[in-house]
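Read-outs throughout are calculated quantities, based only on the coordinates presented, and are distinct from any laboratory measurement. Here the structure is a predicted model, which means the values were calculated and not measured. Heads up, the Cβs are rebuilt from the backbone with ideal geometry, glycines too, and the neighbour counts pull from every protein chain shown.
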Amino acid sequence: MKNKMYYQLAGSFALLIFAFLGYVVRFYPTWLTGFDDAVTAVVRSNYPNMNSFFLWITQFGNAITVIILALAIAFVLVRGKKYMQTLWLAANLILISGIANPLLKLFFNRQRPTLEHLVTETSLSFPSGHAVTSVILYGTIIFILPTILEGKKITRLLQVVLGILILLIGASRIYLGVHFPSDILGGYTLGLAWLFFTYPFYDHQRFVWQFSGKQK
């Protein structure tokens, strides 16, 4: 596909950042203290008294919300005979959010911040499940929107809104005291690496299916 090399380069860069963060979290966690403390201070001190807003935003990365949204989107895609888009969305969520991320949490075994938690969390901290899942779900939608909508302006607008939502979900986890900023960055880079690496294959297969008449 056109620009395949650029997607692979972007995926490699994201994976490299994730690998570096994972190595530091695993063996030299104190190296990240300055970064984590500085970003946490900015998020929590610059946006005081926004508990309700961030409690609402973080729900867009909760498992139940993600499952409901994913099923609704899959239903719409199948009704529109967008089968390859449906398969890519399902594979992304199952393989990365459902399998890889929980296993990586166990491997890195990072405890959550000792700050006051404004929501209850019992799992480990790195990489952030909300960050990974927001990139996987909403990032996949960003990629497939041009194949679903015809209007370029509305497509761009929705892509920007989804991008902002991804950033806000990550910020909400820091604000609520349940994640270090490096957890969020780790989740983002893991999700982005997967999307960038798999998008060329998805797009090629989508074209093949469309050309063969298997889907619209």
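Can you give the calculated 222 nm mean residue ellipticity of the chain, where each DSSP H run of n ≥ 4 adds -39,500 (n - 2.57) and the sum is split over every residue, rounded to the nearest 500 deg cm²/dmol?
Values: 9 runs with 157 residues, N = 216.
Helix contribution divided over all residues of the chain: -24500 deg cm²/dmol.
If packing is taken as the mean number of other Cβ atoms within 10 Å per residue, what is the order of 193-199, 106-112, highest first? Mind showing how you got there, number by number?
Working: 193-199: 21.1, 106-112: 14.4.
So the peptides 193-199, 106-112, ranked by packing, come out 193-199, 106-112.
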Among 28-35, 94-101, 46-53, 137-144, the order from most to least packed when residues are scored by Cβ within 10 Å on average | 137-144, 94-101, 28-35, 46-53
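Classify the range 1-111 as rounded, prolate or oblate from the Cα gyration tensor: take a ≥ b ≥ c as the square roots of its eigenvalues, call it rounded if a/c is under 1.5, otherwise prolate when a/b beats b/c and oblate if not. The partial results should precede the final answer.
Numbers: a/c = 2.02, a/b = 1.33, b/c = 1.51.
Oblate.
Counting other beta carbons within 10 Å of each Cβ, put ASP183, ASP203 in order, fewest first. All intermediate terms of the calculation are to be shown ahead of the outcome.
Numbers: ASP183 31, ASP203 20.
By the 10 Å Cβ count, ascending: ASP203, ASP183.
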For the range 31-79 and the range 122-177, what is the separation of their Cα centres, given in Å?
-> 9 Å
Answer label, with percent of Cα pairs over 28 Å apart calculated from the coordinates and candidates [x] 44; [y] 20; [z] 31 = [z]
